[in-house]
Amino acid sequence: MIFRHLRYLTALARTKHFGRAAEQCHVSQPTLSNAIRQFEQELGVRLIERGQRYEGLTREGERVVAFAKRVLADSDTLMQDLGAMTTGLKGQLRLGVVPSASPLLALVTSRFCQKQPGVEALTRTSSTDDIVRGLDGFDIDVGVAYLDDIPAGRYRSQHLYHEHLAVLTPISGPFSNAEQATWAEVAQVPLALLTAEFENRRLIDQISQSTGHALSPRIQTASMLNLAAHVRAGGWTSIVPRECFAFCAEPPGTRMIPLVEPETSTRVGLVMADHDPPPVLANAFLASAAEVDIDLMFV
């Protein structure tokens with residue numbers, strides 16, 4: 001068994017395509033296919049379901065891929081640790097982030113990458129469930145999520161900032177002269193909200209239902225930008241994370257006011273798997289993030 005076999009197999013499991021896996025591994029498709037066949041012969045088991053194309057992993061293949069991810073993660077940690085002792089941190093830091101936290105995460109990733117020129121940050125928006133799966137499967141190094149949604153016991157977490165819900169509304173809309181709005185009042189106006197798969201939307205639904213004023217949005221979208229565009233177009237009000245839009249600035253023609261009765265506060269933070277030894281890049285990223293006080297920016 002050699003590391004090349006493990007990398008080829010995990011790339012195939014990730015891409016589900018021989019050609020794309022070979023491209024990611026910088027080899028030809030026959031080279032990758034032959035290496036995996038050789039690996040199967042060495043182990044004495046079939047790892048891949050084959051037809052005219054890739055059809056999935058066998059049960060044995062799934063077991064080997066899970067093992068391979070752990071071995072490769074430990075190998076990467078060792079190489080990063082040795083590199084940090086000589087030439088400084090190097091490598092790719094893979095981040096999974098819930099959409100509402102993506103703008104504020106830039107405050108941390110920008111600072112970290114400026115201080116560590118040998119590190120490349122790769123950020124993908126994900127749900128909390130996908131972040132947990134990514135951490136468990138060694139597919140991401142750090143997650144950015146609502147900390148109350150993270151299962152206890154297997155992860156190391158670090159507070160990043162508090163998220164507060166606010167009302168984003170047209171300047172000439174129903175709250176044009178209001179200094180704040182209640183959940184009861186928001187339930188009476190035409191709404192545009194994120195779609196139900198987003199944690200931010202789930203939180204909105206939970207709070208509105210607990211107040212007895214369930215919301216019925218006429219427009220739902222998976223894009224925060226599209227949400228803001230509908231509010232700017234007029235006729236629609238939305239509920240958004242105050243910190244996200246305060247950092248990026250409210251769209252022209254709109255205003256943001258506090259949402260009260262109740263006013264909410266949700267913890268957003270960094271999460272990494274509790275491995276020993278800890279991944280070097282992830283550990284350094286959490287240490288760097290601890291030096292940034294995002295909450296203080298919104299006092």
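Return the sequence-ordered ³J(HN,Hα) values of region 258-273 in whole Hz as given by the Karplus equation 6.51 cos²θ - 1.76 cosθ + 1.60 applied to θ = phi - 60°, using x for Gly and Pro.
x, 10, 10, 6, x, 8, 10, 8, 10, 7, 10, x, 8, 9, 9, 5
So, by mean Cβ neighbours within 10 angstrom, what's the order for 89-100, 25-36 with the highest one leading?
89-100, 25-36
Residue 221's amide H: which non-local residues (gap 5+, or another chain) put their own amide H closer than 5 Å, with H modeled 1.01 Å from N in plane and none for Pro or chain starts?
193, 194, 195
Just want the ordering: 5, 159, from fewest to most Cβ atoms lying within 10 Å of their own Cβ.
Fewest to most other Cβ atoms nearby, the residues stand as 159, 5.
So what's the net charge close to residue 29: Lys and Arg +1, Asp and Glu -1, counting the other residues with Cβ under 13 Å from its Cβ?
Cβ neighbours under 13 Å give a net charge of +2.
Take every DSSP beta bridge with both residues inside the chain and express the antiparallel ones as a percent of the total, to the nearest 5.
Roughly 60 percent of the DSSP beta bridges within the chain come out antiparallel.
At 7 Å along the Cα-to-beta-carbon direction for both residue 158 and residue 74, put a label point, then send me their distance in nm to one decimal.
2.5
If you rank 236, 183 by fewest surrounding Cβ atoms within 10 Å, what's the result?
Numbers: 236 22, 183 25.
Final ranking by Cβ density, sparse to dense: 236, 183.
Do you know the relative contact order of region 165-264, to the nearest whole percent, from alpha carbon pairs under 8 angstrom that are 6+ apart?
50
Along the Cα-to-Cβ line of residue 287, 7 Å from the Cα, sits a label point; which residues in region 79-109 have backbone N less than 19 Å from it?
Correct set: 79-94, 108-109.
Antiparallel DSSP bridges in region 165-264: what percent, to the nearest 5?
Details: 9 of 15 bridges.
Here the share of antiparallel DSSP bridges comes out near 60 percent.
Given R₀ = 30 Å, what would the calculated FRET efficiency be for residue 42 paired with residue 17, taking r from the Cβ atoms and rounding to 0.05?
For residue 42 and residue 17, the calculated efficiency is 0.80.
Among 230, 164, 275, which one shows the highest mean-square fluctuation when the chain is modelled as a Gaussian network with alpha-carbon springs under 10 Å?
Comparing 230, 164, 275 in the GNM, the peak value goes to 275.
Just to confirm my numbers, what's the Cα centroid distance between region 219-278 and region 35-59 in Å?
45
In what sequence do 198, 285 fall when counting other Cβ within 10 Å, fewest first? Each step should come with its number before you reach the end.
Details: 198 20, 285 26.
Taking fewest neighbouring Cβ atoms as first place, the list is 198, 285.
Work out the charge dipole of the chain with +1 on the Cβ of Lys and Arg and -1 on the Cβ of Asp and Glu about the Cα centre, then indicate which of 183, 151, 96 is farthest towards its positive end.
96
With a ≥ b ≥ c taken as the square roots of the eigenvalues of the C-alpha gyration tensor of region 165-264, please select rounded if a/c is under 1.5 and otherwise prolate if a/b is larger than b/c or oblate if it is not? Kindly include the intermediate steps, with their values, before the conclusion.
Working: a/c = 1.40, a/b = 1.16, b/c = 1.21.
Rounded, since a/c falls under 1.5.
No value in this document is a laboratory result; all are computed from the given coordinates. Bear in mind that the values here come from a model prediction, so they are computed numbers and not experimental data. All Cβ positions, glycine included, derive from the backbone under ideal geometry; neighbour counts span all protein chains shown.
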